Amino acid sequence: MTETLFHAYTPIILWTVLGFILFRFIPSSLPRLLGRGLYWVGVPLQILTLARQANLSENAGVVPLIAIGALAVGFTFAWLSLQVWKRFSRENGESKKSSFLPFLDRPHYGSFILSAMLGNTGFVGLAIAPSLISAQAVGLAVFYSVTNNIIGTYGIGVFIASYFGRPAKRNHWWIQLRDILTVPALWTFSFGYLTRSVELPTLLESGLQASVGFVIASSFVLMGIRLAQLQGWKSFRVALLPALVKVVVMPGLVGIAATLIGLSGDARLAMVLMAGVPTAFASLILAEEYDLDPDLAASSIVLSIGLLLLMIPVWLLVYG
């Protein structure tokens, strides 16, 4: 397991450090341009490539329900936490300048919820799962990842980002619906899945495969740049709660639910692993696209990665 974790996290560390170093030499507008480029071009190419390789017909059953249930858990805990946070802040007269309990506005709310709800099931989850579970259970993990990305990240996630990224007075339900229907990743997934039987020229196919690695590296570089821009520990203090929800609370409840519905062994462990992966890099990309709080998103990603290393042995002990 140590060797697997080393291979999984080495590119994360290297590309993130590169972004951290590049921060001093790049224009201030580049991080947002990179985030928007990933949203509109990079991630859609990656989704297109993965969709052409997917075979969802072999993985029916309760997996989508568990994945959607995990998303609901993350959203519910994040929303309740924000209500408690807001009430406590109001009762104690905290202001935006507070060093103990920072004031949270709409952009903070959006990134807080996305950080607690969306998981990195693709880059991290599917990199770790094959060494910990059987090949058949890996198929379940892939199905979980597809459900999480399509329904969670680029469905509910876009809705939340669009809602909290705009002033309340300018929000209408049809704006969020429009934003979801125009998400490029959803269209490329549909196109890729429906054209799986169509053979592409070798050069084009190899180009799509190479784009996946480029998108991953660019996401890590963007996170490193955003980490270099953090001012003090404020974002880390705020991000600790969604990171705990994502990596501790969510997989714990998924493990209980999976046991109650009759899953056991590697199938149950697969659900726990995918539910407990770190905060998705897409939360940072959505924060860039919809003007949320990229600092909070980046901080949650870092904290949840650290928590993952502590929690994997626990999951293996309890559910393995």
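The values are calculated or read from the model by the stated rules, or taken from the named source; none is laboratory data. All values derive from a computational prediction rather than experimental measurement. FYI the Cβ positions are ideal-geometry reconstructions off the backbone, even for glycines, and counts take in every protein chain you see. Quick note on the areas: whole protein, heavy atoms, side chains included, nothing else; ligands and nucleic acids left out. Shrake-Rupley method; radii C 1.70, N 1.55, O 1.52, S 1.80 Å.
Assorted remarks:
- Among Phe25, Phe77, Phe236, the residue with the largest mean-square fluctuation in a Gaussian network model of the chain, with springs joining Cα atoms closer than 10 Å, is Phe25.
- FRET efficiency, Leu33 to Val84 (Cβ-Cβ, R0 30 Å, nearest 0.05): 0.25
- Scanning residues 5 or more positions from Gly119 or on other chains, those with amide H under 5 Å from its amide H are Ala280, with H placed 1.01 Å from N in the peptide plane.
- Note on Phe25 and Ile261: their simple-model spin labels are 5.0 nm apart, each label 7 Å out from Cα toward Cβ.
- A dipole drawn for the chain from +1 and -1 charges on Cβ atoms has a positive end, and of Ser89, Phe281, Ile113 the residue lying farthest that way is Ser89.
- Rounded accessible area per residue of region 115-200, 1.4 Å, Å²: 46 Å²
- Full extension of the chain segment joining Gln209 with Arg237 gains 6.3 nm, where the gain is 0.36 nm per residue of separation less the Cα-Cα distance.
- Computed over the chain, the range of Cα coordinates on each principal axis works out to 58, 45, 42 Å, biggest value leading.
- Ranked packing of 203-209, 32-38, 278-284, most packed first, by mean Cβ within 10 Å: 278-284, 32-38, 203-209
- If you plug the beta carbon distance of Gln136 and Asp291 into 1/(1 + (r/R0)^6) with R0 = 41 Å, you get a FRET efficiency near 0.45.
- Three-way shape call for region 207-300 based on the alpha-carbon gyration tensor, with the a/c threshold at 1.5: oblate
- Selection from Ala78, Val221, Ser134, by position along the positive dipole direction of the chain (Cβ): Ala78
- When region 188-250 is reduced to its Cα atoms, the Kirkwood hydrodynamic radius in Å: 15.5 Å
- Among the protein heavy atoms of region 165-279, carbon and sulfur supply 70% of the accessible surface, probe 1.4 Å, non-protein parts ignored.
- For the chain, the dipole from Cβ point charges (+1 on Lys and Arg, -1 on Asp and Glu) about the Cα centre works out to 980 debye, to the nearest 20.
- Each residue of region 196-202 was assigned a 3J(HN,Hα) from its phi angle through the Karplus curve 6.51 cos²θ - 1.76 cosθ + 1.60 (θ = phi - 60°); the sequence is 4, 7, 8, 7, 9, x, 3 Hz, with glycine and proline shown as x.
- Whole-number accessible area per residue in Å² for region 233-308, which is evaluated in the context of all protein chains at 1.4 Å: 28 Å²
- Value of [θ]222 nm, deg cm²/dmol, for the chain, DSSP H segments ≥ 4, -39500 (n - 2.57) each, nearest 500: -22000 deg cm²/dmol
- Shown here are the Rg and Dmax of the Cα trace of region 102-201, at 17.0, 54 Å.
- For the pair Val198 and Thr182 in one chain, pulling the backbone fully straight at 0.36 nm per residue adds 3.3 nm over the alpha carbon distance.
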